[in-house]
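One structure is given here, and the rest of the page talks about it.
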Amino acid sequence: MEKANIGLLVSSTMAGCFLSLSPANATILVEPIVNTPNSEFPDGIGIPLNLEPLQVLVWNAPDTTGEQNFINNTDFNITRFSLLLFPEFDIIPDDDVIWGDVNGDGQIGLSNIFPTIDITPDFVFQGFSTPRLDLLGGTISNGERFTFQFITDPDLRPAQTGDDGPLIIGGAYNGVPIPEPSTLLGLTTVIGLGTILKQRKSSL
């Protein structure tokens, strides 16, 4: 996800004041979890605002309402998620916010969908330092559900369900367009005609 190709920055941040959640000058670790559906979670919303590939959506994290199964309602089979940290905009000032191993499994990021997780700690987006994490190598097909969560150390989840967390995170996806139904029909027709002609030729 190159800087020039990221596209529109959509801000949807609604945050309260969480200054007491963490001491100043501390390091906050953030780890994403992108897995297949969790049977204990309710089915949630689709990807918001009909987001197009490489457009960046910004939101607050962690968020207690994130414990749900999302759905890929785009017109793409998603093959990559790119996530950005925006430490300069966080509600907790003077803290270092980095991608880190929160659950102690020896790696940063957890996914049974995307086997490859790359981190670019010195990535710059629109003039701001925004450490980037890329999940790739897997596929979330159109219509499939998946979980998308963030865990932090220290645990910064709001006490009240539905409240916004103090961290600012951006995300964008990329993928493969779904063929139009007419294209699929045309392809099926061509294959069918080819089979019939082959059978006729062999019978002659």
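The values are calculated or read from the model by the stated rules, or taken from the named source; none is laboratory data. As the structure is a prediction and not an experimental result, all values here were calculated from the model. Cβ sites come from the backbone with ideal geometry, for glycine too, and all protein chains shown count toward neighbours.
Inclusion of G162 among residues that are within 20 Å of the chain's Cα centre (by Cα), at pLDDT below 95, at positive phi and exposed (fewer than 10 other Cβ atoms within 10 Å of the Cβ) is warranted. Looking at (1) surrounded by fewer than 20 Cβ atoms within 10 Å (Cβ to Cβ); (2) closer than 21 Å to P158 by Cβ; (3) in contact with a Phe, Trp or Tyr (Cβ under 8 Å, 6 or more places away or on another chain), can you tell me which one N69 breaks? Every condition holds for N69 apart from (1). In region 91-106, the residues that are touching a residue at least 60 places away in the same chain (Cβ under 8 Å) reach residues that are among the hydroxyl-bearing types (S, T, Y) and part of a loop (DSSP other than H, G, I, E, B) with C-beta atoms within less than 9 angstrom, at least six apart or across chains, in these pairs: I92/S22; D95/S22. Taken as a whole, the structure leaves T130 outside the set of residues that are closer than 26 Å to G46 by Cα, touching a residue at least 40 places away in the same chain (Cβ under 8 Å), surrounded by fewer than 19 Cβ atoms within 10 Å (Cβ to Cβ) and not hydrophobic (A, V, I, L, M, F, W, C).
Residue by residue, here is whether (1) modelled with pLDDT of 90 or more; (2) touching a Cys at 6+ places or on another chain (Cβ under 7 Å); (3) closer than 22 Å to G127 by Cβ; (4) surrounded by 16 or more Cβ atoms within 10 Å (Cβ to Cβ) holds:
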residue	(1), (2), (3), (4)
N5	no, no, yes, no
P32	yes, no, no, yes
Q55	yes, no, yes, yes
P62	yes, no, no, yes
F76	yes, no, no, yes
S82	yes, no, yes, yes
F86	yes, no, yes, yes
Q107	yes, no, no, no
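Only one entry in F123, F146, F114 is aromatic (F, W, Y) and more than 26 Å from F41 (Cβ to Cβ), namely F123.
Looking across F123, F128, F86, F148, one residue alone is over 13 Å from the mean Cα position of the chain (by Cα), hydrophobic (A, V, I, L, M, F, W, C) and within 13 Å of A61 (Cα to Cα). It is F86.
I91 satisfies every condition listed in (1) on the phi > 0 side of the Ramachandran plot; (2) over 18 Å from the mean Cα position of the chain (by Cα); (3) not charged (D, E, K, R) except (1). For first residues located in region 134-145 and farther than 21 Å from G109 by Cα, partners that are among the aliphatic types (A, V, I, L, M) and lie 6+ apart or on another chain with Cβ distances below 6 Å form the pairs N142/I178. Scanning region 88-105 for residues that are small (G, A, S) and surrounded by 15 or more Cβ atoms within 10 Å (Cβ to Cβ) yields a count of 1. For A26, indicate whether it is small (G, A, S) and at pLDDT below 90. When the stated conditions are applied, A26 passes them. When you scan region 38-45, do you find a residue that is modelled with pLDDT of 85 or more and under 21 Å from D153 (Cα atoms), even just one? Within region 38-45 (the criterion being modelled with pLDDT of 85 or more and under 21 Å from D153 (Cα atoms)), the answer is no, since none of the residues qualifies.
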